[in-house]
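**Q** If you scroll down you'll find the structure; I have some questions about it.
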Amino acid sequence: MKRNLGDKNALISDGHIHQIAELYTNFEETEHCKIYPNDFFGYTKVTVERPLIEKCEILGAETEVVVRDKQGNPKPDPKLRDHERVPLTEDIDADYQREVKPHVPDSWIDRKKDKVGYEINFNRYFYQYTPLRSLKEIADEILALEQKSEGLLNEVLGF
């Protein structure tokens, strides 16, 4: 291997390259091959804004007032800014009304800041559950290791 490949320190052999090419050309779902449409992995990163609130005193009582710009629109509070990932297969406005608005009624989305991205999480699509060992197996292994180490300690100390 000529250079470090990061966490993926594996060189692909010619046999593996042939297997991958075969999976690609066959274009059918198997244990090692899943087929999804391109937009399945895509999302729109939407910026959710909340108003900047200032405390001020009116008629001797402290109250909270929404800070507004020259046009009368509420100014966003950068400390309360949040982001939502909405799948490309879903309507952004419907998702916002269903997922965000009920919890944060004074919020709005700034559609000028939308960004489209893609993410392929291999663990999500190719993970295969392997059951854990039973407690009895683990306990037996610990006891066996303990007995073996006792024997080594006695041997080293000459008992």
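The values are calculated or read from the model by the stated rules, or taken from the named source; none is laboratory data. All values reported here derive from a predicted model rather than from experimental measurement. So basically every Cβ, Gly included, is an ideal-geometry build from the backbone, and we count neighbours across all protein chains shown. SASA here: full protein model, heavy atoms, side chains in, ligands and nucleic acids out. Shrake-Rupley method; radii C 1.70, N 1.55, O 1.52, S 1.80 Å.
**Q** Any idea of the accessible area per residue across segment 13-104, 1.4 Å probe, to the nearest Å²?
**A** Averaged over the residues of segment 13-104, the accessible area is 77 Å².
**Q** Right, next: Say R0 is 30 Å: what FRET efficiency, to the nearest 0.05, do residue 135 and residue 35 get from their beta-carbon distance?
**A** Efficiency, from the Cβ-Cβ distance: 0.15.
**Q** Work out how much length residue 147 to residue 26 would gain on full extension: take 0.36 nm times their residue separation and subtract the Cα-Cα distance, in nm to one decimal. Show your work: numbers first, answer last.
**A** On the way: separation 121, 0.36 × 121 = 43.56 nm, distance 5.40 nm.
Value of the extension gain: 38.2 nm.
**Q** Further question on the same structure: How far is helix 135-157 tilted, in degrees, relative to the longest principal axis of the Cα atoms in the chain, given as a value from 0 to 90 rounded to the nearest 10?
**A** Compared with the principal axis, the helix lies near 60 degrees.
**Q** In the neighborhood of residue 94, defined by Cβ-to-Cβ distances under 13 Å, what is the net charge if each Lys or Arg adds +1 and each Asp or Glu adds -1? Walk me through the intermediate numbers first.
**A** On the way: positive: 98, 101; negative: 84, 90, 91, 93, 95, 99.
Residues near residue 94 contribute -4 overall.
**Q** For a protection proxy built on the mean count of beta-carbon atoms within 10 angstrom, sort 38-46, 17-25 highest first, please. All intermediate terms of the calculation are to be shown ahead of the outcome.
**A** Details: 38-46: 14.9, 17-25: 10.6.
Output ranking for 38-46, 17-25: 38-46, 17-25.
**Q** Oh, and also: Which entry in [x] 11, 46, 36, 6, 0; [y] 10, 40, 37, 12, 1; [z] 7, 17, 17, 16, 16, 13, 9, 4, 1 is this structure's computed P(r) over Cα pairs in 10 Å bins from 0, in percent?
**A** Computed from these coordinates, P(r) over Cα pairs in 10 Å bins from 0, in percent corresponds to label [z].
**Q** As an exercise, take the mean of 1/r over every pair of distinct alpha carbons in segment 39-90, invert it, and state the Kirkwood radius in angstroms.
**A** With all distinct Cα pairs of segment 39-90 included, I get 13.5 Å.
**Q** Amide H of residue 88 versus every other amide H placed in the peptide plane: which residues, excluding those fewer than 5 positions away on the same chain, fall under 5 Å?
**A** 42, 43, 44
**Q** Moving to a separate point now. Per-residue ellipticity at 222 nm for the chain, helices alone: DSSP H runs ≥ 4 residues times -39500 (n - 2.57), over residue total, nearest 500 deg cm²/dmol?
**A** -9500 deg cm²/dmol
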